[in-house]
Amino acid sequence: MPPIKNLNQSPFDRILGFPDAPDIETHTADWWTVMDRHTKARYDPKAPLPSHHFRSQSASVFEETTNEDVVLEFIHFRRFTATNQLRRSCRIVDLITEEDFEKKWLALSPEEQEKHFLAGLRTAEKNTTYVMFIRSKADCPELNRDEVTRDGGQGFLDLMHQLVLSDNVNVPTQPHVMVNSRFDKMIGFKEDDPHKARLAQLSMARMIRSEYIANFVMNVLMSYKGITPEITVFTTEHSKTKSTLKNHSEMFEKMMGKTASKQFKRDEVKRRKEMKLHCQYCLKVEDKEKDGKMTVCSRCKSIGREIRYCSRDCQVADWKQHKKECGKPLDISSAFNDVHIGDSENNTKRPDIPTCPPGHRRSPHVVRLIEYLELTTKHDYVVETKPGTDDVFGIKLDKVPGAVAFIHMRNMLFTTSGPGAEGALLYVYRVLQTQGGVSGERSVQDQLKREYGEPLWNRMQALVKRGPPFSIPEVSRKDVDVIIKALRQLKRFTQQLRSYTIGLGPIAKLGLQVGPKKDVCVIVHFPGDAMPPPCILVPIPNPAPRVPSRNAVGPNFNLPEPRHFDDFDYHHYVDLAQQKSYLQVCPHADYILWDSNGVLLAFTYTDMRFAMAFLHYRHRLFENGPYDHDALAYLIMALRTAVRGKKIPEAVLLAQLEREYHPGYVETVKACIKVRPSDGKEVYHRRDGKVFELGQIPAEKSLMGKIMVQLKESGRFGDILDRF
């Protein structure tokens with residue numbers, strides 16, 4: 001059957017070379033078939049490049065037609081485009097992550113999908129503006145029937161994914177464009193075009209093409225949801241339409257003849273009158289009947305420009321951006337400036353979450369994960385306890401090296417799926433296995449597959465099958481510095497990172513093992529100044545084990561008694577006696593700590609140097625009492641540093657020391673411990689005016705030798721001390 005002719009074809013349709021297609025309102029499916037045939041012919045890579053009125057124009061023509069009013073139209077179109085892109089992205093992410101839309105869409109029959117496609121095309125055509133820039137469907141091969149229906153409708157889902165922004169919190173500062181290289185060649189677009197007027201108009205054409213595709217997608221989704229779309233087109237003024245058309249009458253008559261030109265101008269006046277005026281800052285539509293006319297900027301009005309505000313608050317809030325061009329002629333460069341929209345200016349982004357690099361596309365599930373993370377500054381990941389709901393479990397790493405390594409691996413997954421990403425995914429997976437809270441193993445696996453895709457998950461599984469040692473990307477000093485800088489901005493690990501200077505200081509290769517079986521290890525080039533003390537805290541069994549026999553050896557036995565017993569007013573403190581008693585119960589502990597719940601914890605250094613130094617000052621404190629301010633200062637500084645991040649509040653620790661060594665002495669010595677402004681390090685100001693860092697407090701060499709012998713006798717650090 002021959003195609004049904006469209007008697008309503010506009011003059012521009014004929015000029016631009018549209019095919020004589022059926023009426024889209026009454027014969028949508030036939031219209032789609034004809035337009036597909038036309039589009040495929042235009043976008044056949046083997047065919048010669050079709051003519052286009054843009055490509056045939058000289059740069060001077062673009063200069064002549066790009067006046068200040070046109071530039072203002074471009075600026076506002078970019079603003080609306082960027083705003084709509086954020087709204088669409090948020091809606092699509094909601095559909096995919098909360099309503100399981102992809103599964104439901106693929107379950108539809110071809111006939112049901114076709115119904116929604118046709119509805120989407122009808123509405124997209126109604127919403128077409130700036131007809132001189134693109135040929136609507138004819139310039140969108142992405143909307144060909146065989147493309148969107150591919151693989152049972154997967155083609156449409158793939159197209160929908162292209163509308164998801166990498167950041168669903170802030171309006172993009174530059175509108176995103178769906179690039180089609182054939183279209184760019186047709187219109188003569190080049191990124192480095194030196195003629196700014198031509199570059200502005202051709203950039204506009206690319207945006208309008210992208211918006212047509214996006215409108216089609218959203219209209220299909222609204223049809224699926226049973227929603228009738230409301231078409232709203234915005235403008236900055238109504239007052240210049242007739243004069244502008246009159247000034248171009250000669251051009252229109254040459255293009256389409258007098259009769260068609262008159263009809264086109266009447267239609268354009270009607271169309272422009274239906275376009276909505278709006279607030280410059282919040283984009284609220286002007287409703288004269290309800291709210292009256294909006295305020296117009298007087299300076300801009302004096303030069304023939306109309307910039308409206310719905311309230312004084314919006315005008316004040318927009319002044320920071322508007323003052324750059326208020327009452328001043330608009331330069332063509334204004335058509336390329338960053339977009340700044342209302343409240344989006346106030347949205348902050350977490351400094352530990354990187355921007356998405358060009359060429360990488362985040363899945364809707366990763367975008368949703370980042371949305372959750374943006375709501376807090378403390379969590380490093382969010383695990384869904386019930387997929388499709390807001391029932392989630394936040395994961396927070398409580399040690400600096402572990403947090404740094406995890407954030408680095410997470411950020412790799414946020415920015416690449418290339419080589420090394422499978423190792424990063426394995427590391428994140430192993431951490432989530434041990435930190436996943438109430439989420440089951442299967443739930444964590446399914447979430448990671450949704451977020452990073454089956455292909456990357458399969459690459460990770462292949463890595464696991466090859467067995468350890470696994471190839472996990474190392475975390476360089478530069479990577480560590482970037483993350484530590486972000487952690488400081490987030491005010492995390494403030495005490496631990498206080499004395500760390502980014503880019504300076506020694507580096508230690510730190511091996512972190514994670515997972516239920518500790519089978520995954522990552523090397524972190526960690527700065528020594530931010531390295532946590534090598535120690536562990538282990539709960540003491542209840543009831544406590546018996547005290548070993550009198551012949552037991554080691555630094556926790558034959559503990560010294562005070563030398564000047566009569567002078568001590570602290571020896572009656574029961575907690576110090578308990579401290580010594582429990583140390584004998586736990587021969588390898590260096591100190592016994594009580595947490596805020598009264599649970600006994602054995603504190604033990606895992607590095608011999610730290611252990612020897614601590615036991616040396618502990619011995620002096622037991623022997624000399626709190627009169628030995630040097631020893632008490634060392635104990636306070638060492639324990640306070642060691643328990644940070646181990647769920648023992650500093651106040652609880654100091655209260656214990658006050659019970660053991662008298663509040664007056666502890667308070668006196670604590671007042672001598674200060675933070676040095678020059679480098680943020682904690683230092684001890686002795687009464688003689690000398691200042692010491694923790695490792696510089698004077699020690700007794702003979703006592704150090706005695707402690708070493710005791711450690712060797714107790715069997716600690718045998719791999720080192722057996723050599724002596």
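In table form, for the structure just shown:
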| quantity | calculated |
| --- | --- |
| Boolean, Gln57 is at pLDDT below 90 and on the phi < 0 side of the Ramachandran plot | yes |
| Residue under evaluation Asn168, criteria (1) surrounded by fewer than 20 Cβ atoms within 10 Å (Cβ to Cβ); (2) at pLDDT below 95; (3) of a type in the set (S, T, N, Q), criterion not met | (1) |
| Residue list for the stretch 86-117, filter: of a type in the set (S, T, N, Q) and at pLDDT below 95 | Thr97 |
| Tally, over the stretch 650-707, of residues that are over 29 Å from Trp594 (Cβ atoms) and either assigned to a helix (DSSP H, G or I) or hydrophobic (A, V, I, L, M, F, W, C) (or both) | 5 |
| Matching residues, the stretch 85-101, being in a helix (DSSP H, G or I) and surrounded by fewer than 18 Cβ atoms within 10 Å (Cβ to Cβ) | Arg87, Cys90, Arg91, Asp94, Glu98 |
| Selection from the stretch 428-447 of residues that are part of a helix (DSSP H, G or I) and touching a Phe, Trp or Tyr at 6+ places or on another chain (Cβ under 6 Å) | Val431 |
| The stretch 618-670 - residue that is touching a residue at least 12 places away in the same chain (Cβ under 8 Å) and small (Gly, Ala, Ser) and, of those, nearest to Val400 (Cα to Cα) | Gly645 |
| Whichever residue in the stretch 351-385 is surrounded by 17 or more Cβ atoms within 10 Å (Cβ to Cβ) and basic (Lys, Arg) and, among such residues, is nearest to Leu490 (Cα to Cα) | Arg368 |
| Pick from the stretch 14-49, criterion part of a loop (DSSP other than H, G, I, E, B), of a type outside the set (Phe, Trp, Tyr) and surrounded by 15 or more Cβ atoms within 10 Å (Cβ to Cβ), ranking: modelled with the lowest pLDDT | Leu16 |
| Residue identified as among the aliphatic types (A, V, I, L, M) and under 44 Å from the mean Cα position of the chain (by Cα) among Leu600, Leu621 | Leu600 |
| The stretch 178-187: number of residues that are over 34 Å from the mean Cα position of the chain (by Cα) and either modelled with pLDDT of 95 or more or among the aromatic types (Phe, Trp, Tyr) (or both) | 1 |
| The stretch 683-724, subset polar (S, T, N, Q) and surrounded by fewer than 17 Cβ atoms within 10 Å (Cβ to Cβ), residue nearest to His588 (Cα to Cα) | Ser702 |
| Selection within the stretch 185-205 - closer than 30 Å to His116 by Cβ and touching a helix residue (DSSP H, G or I) at 6+ places or on another chain (Cβ under 7 Å) | Met204, Ala205 |
| Selection count, the stretch 102-114, where residues are of a type in the set (Asp, Glu) and surrounded by 14 or more Cβ atoms within 10 Å (Cβ to Cβ) | 2 |
| Unique match (being modelled with pLDDT under 75, hydrophobic (A, V, I, L, M, F, W, C) and within 46 Å of the chain's Cα centre (by Cα)) among Ala589, Ala530, Ala544 | Ala530 |
| Hits in the stretch 102-127 (condition: over 18 Å from Cys140 (Cβ atoms), touching a residue at least 24 places away in the same chain (Cβ under 8 Å) and either of a type in the set (Ser, Thr, Tyr) or in a loop (DSSP other than H, G, I, E, B) (or both)) | Leu108 |
| One residue from Val444, Val428, Val482, Val464 being touching a residue at least 60 places away in the same chain (Cβ under 8 Å) and aliphatic (A, V, I, L, M) | Val444 |
| Candidates Ser311, Ser298, Ser302, Ser363 - the one that is under 25 Å from Val93 (Cα atoms), of a type in the set (Gly, Ala, Ser) and not assigned by TED's automatic domain parsing to the domain that holds Gln433 | Ser363 |
| The lone exception for Asn458 - which of (1) touching a Leu at 6+ places or on another chain (Cβ under 9 Å); (2) of a type in the set (S, T, N, Q); (3) more than 21 Å from Ile353 (Cα to Cα) it fails | (1) |
| Any hit, the stretch 600-608, residues being assigned by TED's automatic domain parsing to the domain that holds Pro562 and without any contact (Cβ under 8 Å) to a residue 24 or more places away in the chain | no |
| Test: Asn411 is among the polar types (S, T, N, Q), on the phi < 0 side of the Ramachandran plot and crowded, with 16+ Cβ neighbours inside 10 Å | yes |
| Residue count, the stretch 593-638 (criterion: over 17 Å from Phe717 (Cα atoms), in contact with a Pro (Cβ under 9 Å, 6 or more places away or on another chain) and of a type in the set (A, V, I, L, M)) | 6 |
| Within the stretch 196-297, helices (runs of 4 or more DSSP H) holding 3 or more residues that are surrounded by 13 or more Cβ atoms within 10 Å (Cβ to Cβ) and touching a Lys or Arg at 6+ places or on another chain (Cβ under 9 Å) | 196-225, 241-247, 249-256, 258-274 |
| Total residues in the stretch 411-427, condition part of a helix (DSSP H, G or I) and over 12 Å from Pro473 (Cβ atoms) | 2 |
| Test: residue in the stretch 65-80 that is modelled with pLDDT of 90 or more, part of a helix (DSSP H, G or I) and under 29 Å from Ala21 (Cβ atoms) | no |
| The stretch 519-543 residues that are more than 30 Å from Val585 (Cβ to Cβ), paired with ones that are among the hydroxyl-bearing types (Ser, Thr, Tyr) and crowded, with 17+ Cβ neighbours inside 10 Å (beta carbon under 9 Å, 6 or more apart) | Val520/Tyr427; Val520/Tyr429; Val522/Tyr427; Pro527/Tyr500; Asp529/Ser499; Asp529/Tyr500; Ala530/Ser499; Ala530/Tyr500 |
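The values are calculated or read from the model by the stated rules, or taken from the named source; none is laboratory data. Just so you know, these numbers come straight off a predicted model, no measurement behind them. Glycine gets a Cβ as well: all are built from the backbone with ideal geometry, and neighbour counts include every protein chain shown.
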